[in-house]
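**Student:** One structure is given below, represented as structure tokens, and several questions about it will come after.
The values are calculated or read from the model by the stated rules, or taken from the named source; none is laboratory data. Quantities reported herein were computed from a predicted structural model and do not represent experimental measurements. Every residue, glycine among them, receives a Cβ derived from its backbone with ideal geometry; neighbour counts consider all protein chains shown.
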Amino acid sequence: MRIKFWGVRGSVPCPGPRTQKYGGNGACLEVRVGEKNRIIIIDAGSGIRELGNSLMQNDLPHGPIEADVFLTHTHWDHIMGFPYFTPIYVPGTKLRVYGPITFEDDTLEDVVGGQMKYRYFPVNVGELASDIKYHRLREAPSIDLGGGLMLLTKILNHPITALGFRFEYEGKVFCTCYDTEPFRNLFITDPDHPDYDEAMALEGEEVAREQNTAIEDFFAGADLLVHDSQYMAAEYVKGRVGWGHTTFEHAIEAANRAGVKKLALFHHDPDRTDDQIDELARTYCEPGRYGETEVFFAREGMEIVL
């Protein structure tokens, strides 16, 4: 498997002189699998526009583009680039789009394609020349994608349904774990609070612990893990709890406990400048400082071969 980052930012695209090094585009990863160079795309943030241009230049001359698109969830920063993905306008393109949805009345096609209505966009989804099929994903212990490629999915902790992906191919494991934050006890834990219930407090602690362990088990032993790390711990506790994003500290500690070989810190805060990320890298990415896992900040254009 070969993984390339086309977008690494969270929440909103933030291009400009202060984000040129790590990139300002929203989440999009390209995965090439096997000798047949199978195309897997993870998320359709604004980074998918440049990926589409690359496919048009390098892949289309060899035949129609065919790809599997896996959406971690349907928040706008992870789907907003879809209307700007040039291959969807090209006859012969075949896309299989997979992803979770939160509301039963809305199909995945309605959520993703709903951006392409005349009130929002000059091209209606029904006018596309490509063949696009939509498939709803749920948490599943094993999905055979064919050709020896297996997928496992795991529900994460985010304000809407979001999935982590674990791709396994010929003994190599690539995982994504974003957008998410650690599960926590939602019950009152202060014994002096008038509504405190000891049994409920203890049950809440147990459930949170079980879910956090389950996520670590999900990416255990991964050759590469791309993990949400939008905040420092000091930032997280100041009004960002419940927003669905993780701290650097938690991501690194969890990856070390799970025996992850390489950890890509991902979903950078849109207000985080290149200089600030460089400074954070000197703290969090020093070899051996936080265990055996190799830690680095994801950067647009970065390629990793497993």
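**Student:** Any chance the range 196-217 includes a residue that's buried (at least 18 other Cβ atoms within 10 Å of the Cβ), in contact (Cβ under 8 Å) with a residue 24 or more places away in the chain and within 23 Å of residue 45 (Cα to Cα)?
**Tutor:** no
**Student:** Residue 214 versus (1) assigned to a loop (DSSP other than H, G, I, E, B); (2) within 23 Å of residue 231 (Cα to Cα): which is the lone unmet condition?
**Tutor:** Status for residue 214: all satisfied but (1).
**Student:** Of all strands (runs of 3 or more DSSP E) completely enclosed by the range 42-147, which ones contain at least 2 residues that are touching a strand residue (DSSP E or B) at 6+ places or on another chain (Cβ under 8 Å) and loosely packed, with under 14 Cβ neighbours inside 10 Å?
**Tutor:** Because the criterion is at least 2 residues that are touching a strand residue (DSSP E or B) at 6+ places or on another chain (Cβ under 8 Å) and loosely packed, with under 14 Cβ neighbours inside 10 Å, the strands (runs of 3 or more DSSP E) in the range 42-147 that meet it are 131-136, 140-144.
**Student:** On to the next question. Looking at the range 5-28, is at least one residue in contact with a strand residue (DSSP E or B) (Cβ under 8 Å, 6 or more places away or on another chain), basic (Lys, Arg) and surrounded by 21 or more Cβ atoms within 10 Å (Cβ to Cβ)?
**Tutor:** Yes: one or more hits.
**Student:** Turning to a different aspect of this structure: Can you confirm whether residue 176 is crowded, with 17+ Cβ neighbours inside 10 Å, of a type in the set (Ser, Thr, Tyr) and assigned to a loop (DSSP other than H, G, I, E, B)?
**Tutor:** no
**Student:** With respect to residue 133, determine if the residue is among the charged types (D, E, K, R), more than 22 Å from residue 2 (Cα to Cα) and either out of contact with any Asp or Glu (no Cβ under 6 Å at 6 or more places or on another chain) or modelled with pLDDT of 95 or more (or both). If you could, list the steps in order and put the result at the bottom.
**Tutor:** Values: among the charged types (D, E, K, R): yes; more than 22 Å from residue 2 (Cα to Cα): yes; either out of contact with any Asp or Glu (no Cβ under 6 Å at 6 or more places or on another chain) or modelled with pLDDT of 95 or more (or both): yes.
Yes, satisfied.
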